[in-house]
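K.L.:
One structure, pasted below without further comment.
The values are calculated or read from the model by the stated rules, or taken from the named source; none is laboratory data. From a predicted model like this one, the values you see are computed outputs, not experimental measurements. We place every Cβ from the backbone using ideal geometry, glycine too, and count neighbours over all the protein chains shown. Note: areas computed on protein heavy atoms with side chains; ligands, DNA, RNA excluded. Shrake-Rupley method; radii C 1.70, N 1.55, O 1.52, S 1.80 Å.
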Amino acid sequence: MIGQRIKQLRLARGLSLDALAAALGGAVTKQALSKYELGKAQPSPRMLTLLAGVLGVKASQLAVPPDIHVEFIGYRRRASLPKREQERVESQITAALEQRVQLQDRLQISAILDLPVQGMSIVAVEDAEDAAQKIRTLWGLGAEPLANMTATLEDHLVHVLEIDGDHRFDGISAVARDHEGQVAAAAVVSDSKVAGERQRLNLAHELGHLVLDVTALADEQVESAAFRFGSALLVPAAVLRKDVGNRRNFISTEELLLLKQRFGMSMQALLYRLRNLGIITESYYKQWCMDINRLGWRRDE
């Protein structure tokens, strides 16, 4: 257990074995550290104290098992993301969630997480629309755009974590379970370098992974369902239809910019939403996609 904790905290802080050995001032070799992590050797009490100091925790936190087990639900990453980077991201999230749960306990926050973790069954991607509306109703969000997605999530005990990740990492949703298997906390995670409007959709998307039961869907439909949920949460269909109508043959750049400001979602995502709802046609959507590419807006609007 001590070895696992050392490795987790080392990775969470982005340290290699060489870097950790250097930070310890040569008090231990890289090889010895590797043996600690593999459980082939145990650090002395003095070494445990030194390791804890470098890793930013108390020695007791290395010596005792964690209070929670973190389970990763949604994980959006490219296949080319290196395993070492994946381990670093997971370790960083695990450490952050442990700290959040410990803080909740110290502050005696006993509020119940009003989140149906993977409890909203859907049999088609389109069913995510109703699931998003149910979350809005459950949380009393009304129908209007959400002014602050992070505050909305945190207000309902869903921790929002931002990490400085590899460009091949997009987001993760996770839950922390106690020793009895009960959900102690939930979190949505996104890359800190992502632009604001994309960040909002990322967080809503990861919330979809937390609440949707997608066992009835094909593997290739899971991400589409989470995206549909996130889009519907940020831009409710009824509100969008009221703003733009049921069918449109033309939408100007100026109108898209106004919608972007109103809903806090990128023009590209808004166009995709308009297409999904049948407000614009597939061919008109593709025409807009070509214009966005031509104008260089795919990366920066």
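K.L.:
What order do you get for 34-43, 209-218 when each peptide is scored by the mean count of other beta carbon atoms within 10 Å, highest first?
P.N.:
Numbers: 34-43: 15.3, 209-218: 19.0.
Per-residue mean Cβ counts within 10 Å order the peptides as 209-218, 34-43.
K.L.:
Once the Cα atoms of helix 45-55 and of the chain are each reduced to a long axis, what angle between those two axes, in degrees from 0 to 90 to the nearest 10, is obtained?
P.N.:
With both axes taken from Cα atoms, the answer is about 30 degrees.
K.L.:
Here is a follow-up. Collect residues whose amide H, placed 1.01 Å from N in the peptide plane, falls under 5 Å from the amide H of Ile73; neighbours closer than 5 in sequence don't count.
P.N.:
So Ile73 has HN proximity to Ser173, Ala174, Val175.
K.L.:
Let me ask something else. Filter the cross-link list Lys30/Lys58; Lys35/Lys58; Lys242/Lys286; Lys7/Lys134 down to pairs whose alpha-carbon distance in this structure exceeds 32 Å.
P.N.:
Details: Lys30/Lys58 22 Å; Lys35/Lys58 21 Å; Lys242/Lys286 24 Å; Lys7/Lys134 41 Å.
Among Lys30/Lys58; Lys35/Lys58; Lys242/Lys286; Lys7/Lys134, the Cα-Cα distance tops 32 Å for Lys7/Lys134.
K.L.:
Pairs of Cα atoms under 8 Å, at least six residues apart: use those to get the relative contact order of the chain, whole percent.
P.N.:
Working: 402 pairs, mean separation 53.3, N = 301.
Dividing the mean separation by the residue count of the chain yields 18 percent.
K.L.:
Which percent of the accessible area of the chain is formed by carbon and sulfur heavy atoms (probe 1.4 angstrom)?
P.N.:
On the way: 7530 of 15050 Å².
Carbon-and-sulfur percentage of accessible area, whole number: 50.
K.L.:
In nm, to one decimal, how far is the Leu257 label point from the Lys58 one, both placed 7 Å along Cα→Cβ?
P.N.:
The answer from the label model is 5.5 nm.
K.L.:
With the crude spin-label approximation of a point 7 Å out along Cα→Cβ, what separation in nm comes out for Gln4 versus Thr49?
P.N.:
According to this spin-label approximation, the distance is 2.7 nm.
K.L.:
Between Arg84 and Leu295, what is the FRET efficiency for a Förster distance of 30 Å, r being their Cβ-Cβ separation, to the nearest 0.05? List each step's numbers first, then the result.
P.N.:
Working: r = 37 Å, r/R0 = 1.24.
Once the sixth-power term is evaluated, E becomes 0.20.
K.L.:
Same structure again: Once fully extended, how much extra length lies between Leu38 and Glu282, figured as 0.36 nm per residue of separation less the alpha-carbon to alpha-carbon distance? Intermediate values should be presented prior to the final figure.
P.N.:
Working: separation 244, 0.36 × 244 = 87.84 nm, distance 5.43 nm.
Gain on stretching Leu38 to Glu282: 82.4 nm.
K.L.:
For the chain, with every protein chain kept in place, what is the accessible area per residue (1.4 Å probe, Å²)?
P.N.:
Values: 15050 Å² over 301 residues.
That works out to 50 Å² for each residue.
K.L.:
Leaving out same-chain residues fewer than 8 places away, which aspartates and glutamates sit with a Cα under 18 Å from that of Lys193?
P.N.:
Glu85, Glu90, Glu162, Asp164, Asp166, Asp170, Glu206, Asp300, Glu301
K.L.:
Could you let me know the centre-to-centre spacing of the range 190-219 and the range 1-46, using Cα atoms, in angstrom?
P.N.:
If you average the Cα positions of each part, the centres end up 34 Å apart.
K.L.:
If you don't mind, there's one more thing I want to ask. Using a 7 Å offset from the Cα along the Cα-to-Cβ direction at both Leu113 and Leu161, what is the distance between the two label points in nm, to one decimal?
P.N.:
1.2
K.L.:
Compute the angle between helix 83-106 and the longest alpha-carbon principal axis of the chain, please, reported from 0 to 90 degrees and rounded to the nearest 10.
P.N.:
Approximately 90 degrees, to the nearest 10.
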